[in-house]
1. For the chain, which DSSP H helices look membrane-span-like by this rule: Cα extent along the axis of 15 Å or more and mean Kyte-Doolittle of at least -1.0?
2. Please go through the residue pairs K2/K167; K209/K274; K2/K209; K250/K274; K209/K250 and name each one whose alpha carbons sit more than 25 Å apart in this structure.
3. Would you list the P(r) distribution for the stretch 20-91, with all Cα-Cα distances sorted into 5 Å bins from 0 and each bin expressed as a whole %?
4. Which listed residue (L301, V275, N259) has the Cα farthest towards the positive end of the charge dipole for the stretch 217-316, taking +1 on Lys and Arg C-beta and -1 on Asp and Glu C-beta about the Cα centre?
5. What does the helix-only formula give at 222 nm for the chain: each DSSP H stretch with n ≥ 4 adding -39500 (n - 2.57), the total divided by the residues, and the result rounded to the nearest 500 deg cm²/dmol?
6. Using +1 on the beta carbon of Lys and Arg, -1 on that of Asp and Glu, and nothing else charged, what's the dipole of the stretch 68-142 about the Cα centre, debye to 20?
7. Using the crude model of +1 on Lys and Arg Cβ and -1 on Asp and Glu Cβ, and no other charge, please compute the dipole size for the stretch 146-243 relative to its Cα centre, in debye to 20.
8. Considering the dipole of the chain built from charges on the beta carbon (Lys and Arg +1, Asp and Glu -1) around the Cα centre, which of V83, W193, L288 is farthest to its positive end?
Amino acid sequence: MKTVGLGRTGEQVSQLALGCMIMGTTTDEQESVRIINRYTYAGGNFLDTANCYAWFTRPDATGAESEELLGRWFAATGRRDEVFLATKGSAMVWDRDGVWRDGAVDWALAGSRFEGTAAATLHRAIDESLRRLRTDHIDLYYVHVDSMATPLEETLQALADIVAAGKARYIGWSNVRTWRLERIRQLCAQHGWPAPVALQQQHSYLRPKAGVDTPSIVGPEQLDYLRHHDDLTLVAFSPILKGVYDSAAKRVGHWAMDNYTGPDAETRLAAVAKVAAEVGATPNQVVLAWLLRSTPTVIPLVGPRTLEQYDSAAAALDVELSDDQLALLDAAGA
Ligand SMILES: NC(=O)c1ccc[n+]([C@@H]2O[C@H](COP(=O)([O-])OP(=O)(O)OC[C@H]3O[C@@H](n4cnc5c(N)ncnc54)[C@H](OP(=O)(O)O)[C@@H]3O)[C@@H](O)[C@H]2O)c1
């Protein structure tokens, strides 16, 4: 697997990152280990988890499952040093039991109960992550969900202390608006604090429909910002939007489509389908291949539920797109 530079850190990470969110819950341990082994033996080194993965998959999950599973994998294989390990803090929910409504998570309520980014919270969270992951350092530590509840100075000082203590090597940010990123970077420059080197956002081929206003999805302004700040690399979560590109039936009523449905999406879905037929790949694979060739640099962060899904995503690394096909995909839109 090819590698790409992470910001201007000099670190090389694999061009495809592996999301471990549902490992240990939706995906059982055996299948999870098969996926991690397949990915790492193919040269993949960029693993992504969080301190809350994945309490929201079922009422009896705690959120410790993914990190604990990775900790067992590191202990069993001794391969911790081969991996560029990313985890996150701030989005664990207090009173998890109270946010379930009729078997489903009330996300509006859950979002109001995130632990947040106070210094004491982050210091505790990273220590707990290190213990679960059975390691003495995290390579990339993200603020999982940007928060206005704590002054940025407090959060950034805490992250600087975490880096100075050797507990994290680099920091990143997720679910954040561009103006906040700029403010974060200015404060870091002003105080000599480590600035984020990675931005983890939802980003795919479909573009959010008019009226969507969320800090989590990359929009044109954020893309423009990234083009002008190559010290910050975009790590794209949900790059295939839960696999909806391959199946019209799956798209119908799927919540992953909520932010996208409309004429622009229909036109872009048709473009992907056309190119997929031409190159003999699936639409999901074409989307990943397009992301891998986009500017600014995008590292797709896939979240396969099964080994078969991982293999299907990995095959996108070998999908060739001609200049004409790339131009068609770029230009498609209502
Ligand atoms: N920073 C954040 O706030 C944030 C948010 C979300 C995720 N993440 C990170 O990003 C990673 C990936 O995100 P994601 O899980 O949303 O990504 P994704 O790859 O777009 O979606 C994963 C889901 O798509 C389906 N799928 C995966 N591969 C498929 C394939 N080849 N064909 C058909 N369907 C396929 C599976 O669902 P089915 O059950 O339908 O098969 C799977 O559970 C996570 O593991 C996590 O590390 C971060």
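Every read-out reported here was derived from the displayed coordinates using simple, explicitly stated rules and does not represent laboratory data. Everything numeric here is computed off the predicted structure, so don't read it as measured data. Cβ coordinates were reconstructed from backbone atoms using ideal geometry, including for glycine residues, and neighbour counts include every protein chain displayed.
1. On the way: long enough: 29-41 (17 Å, -1.07); 65-77 (18 Å, -0.29); 119-133 (21 Å, -0.26); 152-164 (18 Å, 0.83); 178-191 (20 Å, -0.89); 263-279 (24 Å, 0.35).
Span-like helices here: 65-77, 119-133, 152-164, 178-191, 263-279.
2. K2/K167; K2/K209
3. Over the stretch 20-91, the share of Cα pairs per 5 Å bin runs 3, 18, 28, 27, 15, 7, 2, 0 percent.
4. Farthest towards the positive end: V275.
5. Dividing the helical sum by the residues of the chain leaves -11500 deg cm²/dmol.
6. Working: 11 positive and 12 negative charges, 27 e Å.
In debye, rounded to 20, the stretch 68-142 gives about 140.
7. On the way: 10 positive and 10 negative charges, 68 e Å.
For this selection, approximately 320 debye.
8. Value: W193.
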